[in-house]
Amino acid sequence: MNPGALPMITVISATNRVGSNTLKVATIYRDLIRAMGREAELLSLEGLDLNGRSPALEQIEDGLLIPSRCFVFILPEYNGSFPGSVKTLLDMSRYRECWWNKKALLTGVADGKAGNLRGMDHFTGVLHYLRMLVHPNKLPISIIGRVMDESGKFTDPATLQAVRRQITEFLEFCGEGTPAMPPV
């Protein structure tokens with residue numbers, strides 16, 4: 001990274017489930033971060049072989065994880081917690097290079113009413129073990145089917161406003177100053 005350059009942010013869709021709402025939400029986050037003038041990339045776990053170290057994983061580490069200083073994890077609720085695929089990503093990676101002393105933002109996604117609060121708490125513990133700093137504004141997005149349409153756009157103005165506020169706070173937390181808010 002160039003001195004004085006803004007750190008790259010990687011948004012991670014933390015499930016390997018094909019066609020998930022999680023990937024739709026992660027895409028919204030990436031697009032909003034870019035609209036605020038920041039470099040952001042998207043990592044989807046769909047189709048990624050996490051059964052061992054592979055050339056594909058090494059390419060992701062070298063191209064996305066190691067260069068990124070800040071991460072946004074979009075965490076769907078799986079059985080009262082978070083998906084094993086994202087834990088496996090953390091476990092299989094060169095964790096000291098990829099995660100240590102970096103910053104994270106968590107957003108929970110669920111069909112139910114709690115927005116994966118418990119999963120975000122569980123995941124926070126894992127990230128703290130990896131010496132990551134977790135932003136305190138963890139946003140639970142509940143009843144995802146009612147706040148998002150089929151095309152992957154938020155239809156609920158309050159949800160979109162909460163997401164924008166969360167991203168703005170996180171960009172400041174990442175040491176990037178106050179970002180310009182994209183037009184509504």
If we keep only residues of the range 69-111 that are under 15 Å from residue 121 (Cβ atoms) and more than 15 Å from the chain's Cα centre (by Cα), then the residue surrounded by the fewest Cβ atoms within 10 Å (Cβ to Cβ) is 79
Of (1) modelled with pLDDT under 95; (2) in contact with a strand residue (DSSP E or B) (Cβ under 6 Å, 6 or more places away or on another chain); (3) of a type outside the set (Val, Ile, Thr), residue 108 fails just (1)
Scanning the range 143-157 for residues that are among the small types (Gly, Ala, Ser) and part of a loop (DSSP other than H, G, I, E, B), the one farthest from the chain's Cα centre (by Cα) turns out to be 151
**Prompt:** Is the range 90-106 home to any residue that is in a helix (DSSP H, G or I), closer than 20 Å to residue 24 by Cβ and without any contact (Cβ under 8 Å) to a residue 60 or more places away in the chain?
**Reply:** no
Take residue 39 and tell me if it is more than 23 Å from residue 109 (Cα to Cα), under 17 Å from the mean Cα position of the chain (by Cα) and charged (D, E, K, R).
yes
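The values are calculated or read from the model by the stated rules, or taken from the named source; none is laboratory data. Fair warning: this is a prediction, and the values are worked out from it, not measured in the lab. Virtual Cβ from ideal backbone geometry, glycine too; neighbours counted across all protein chains shown.
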